[in-house]
Amino acid sequence: MKIKHLKVSALFMTAALLTSSCVGSFSLFNRVAKWNMRATNCKFLNEIIFLLISPVYAVCTVVDALVLNTIEFWTGNNPLAQKVGTTQDIMGQDGRYYAVTTLKDGYEIKNPEGEIIRFVYDKKNNSWSQIQDGKKTEVFRFNDDGTIQAHLNDGSTIRVTPDAAGLFETRMAVSGACFYATR
């Protein structure tokens, strides 16, 4: 009797370990579903399309579950989840619209005057850099100890924590503000 309970417990423990935290984003399935919902302006025609292509949903689910979500689990990003090449108009804090294009390694931002700035991620150094007028400048780097090394406009660097206190400290350093604490 005890061996039976041990086997059942071992089976449940194994199932819990194998099925936790690797669900993934199912981006291929979601792309097909989004396309299907917007295929026509008539929801009845979209339903007919759904019924006709329903085997495609099954194939997409299997590909997502076995291939794409596995890649996403081990690498941290899904190849289909990135919208490389898409451009969005984003309103800046100044009320003007900026064209932001998603690149494979970062973003390209075009301001209303036509100037282009690129922000690129260097996987080897775990850092983000700014490229403007052909000049590449590192903006910040993620350190192995969990801190962020930010490069300031005057050429100095500051090491901060990736939280609200670190953001505040960086803003104060950029604006040149100094605070002294006394007891």
> Which residues, counting only those in region 1-50, are of a type in the set (Gly, Ala, Ser) and either assigned to a loop (DSSP other than H, G, I, E, B) or at pLDDT below 85 (or both)?
Replying inline: Ser9, Ala10, Ala15, Ala16, Ser20, Ser21, Gly24, Ser25, Ser27, Ala39
> Residue check: is Tyr98 under 26 Å from Gly24 (Cβ atoms) and aromatic (Phe, Trp, Tyr)?
Replying inline: no
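The values are calculated or read from the model by the stated rules, or taken from the named source; none is laboratory data. Quick caveat, the model's predicted, so the values are computed rather than measured. FYI the Cβ positions are ideal-geometry reconstructions off the backbone, even for glycines, and counts take in every protein chain you see.
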